[in-house]
1. In the range 49-66, what count of residues is obtained for those that are surrounded by fewer than 14 Cβ atoms within 10 Å (Cβ to Cβ) and under 17 Å from residue 4 (Cβ atoms)?
2. For the range 29-48, what are the residues that are open to solvent by less than 100 Å² (accessible area, probe 1.4 Å) and either without any contact (Cβ under 8 Å) to a residue 12 or more places away in the chain or under 16 Å from residue 70 (Cβ atoms) (or both)?
3. Name the residues in the range 43-66 that are at pLDDT 95 or above and more than 11 Å from the chain's Cα centre (by Cα), would you?
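The values are calculated or read from the model by the stated rules, or taken from the named source; none is laboratory data. The structure presented is a predicted model; accordingly, all values stated were derived computationally and were not measured. All Cβ positions, even for glycine, are placed from backbone atoms using ideal geometry, and neighbour counts span all protein chains on display. Accessible surface areas use protein heavy atoms only, side chains included; no ligands, DNA or RNA. Shrake-Rupley method; radii C 1.70, N 1.55, O 1.52, S 1.80 Å.
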Amino acid sequence: MYYQPTTMQPDASSHPPIPRALTVLEVADILQTTRAGVYELIHSNRLKSIRVGRQFRITAQALNEFLQII
């Protein structure tokens with residue numbers, strides 16, 4: 001099972017797609033779990049994340065790596 005990220009393209013003719021980082025809530029929806037469950041995966045280092053201020057973001061690559069493990 002692989003997650004295909006949505007990309008944002010301001011101008012498709014001159015720029016490559018910008019990969020999207022997912023929010024905890026978006027990952028929870030994909031994994032069909034709760035936000036608390038995703039935070040538990042992040043804090044136990046089973047799901048790689050990026051901290052942006054007080055929030056966490058998960059890249060599509062990190063989510064796909066996690067999905068291959070489970």
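1. The initial filter retains those residues of the range 49-66 that are surrounded by fewer than 14 Cβ atoms within 10 Å (Cβ to Cβ), namely 50-55, 61, 65.
Filter again for under 17 Å from residue 4 (Cβ atoms), leaving 61, 65.
The qualifying residues number 2.
2. 30, 31, 33, 34, 36, 37, 38, 41, 42, 44, 47
3. 43, 44, 45, 46, 51, 53, 54, 55, listed by residue number.
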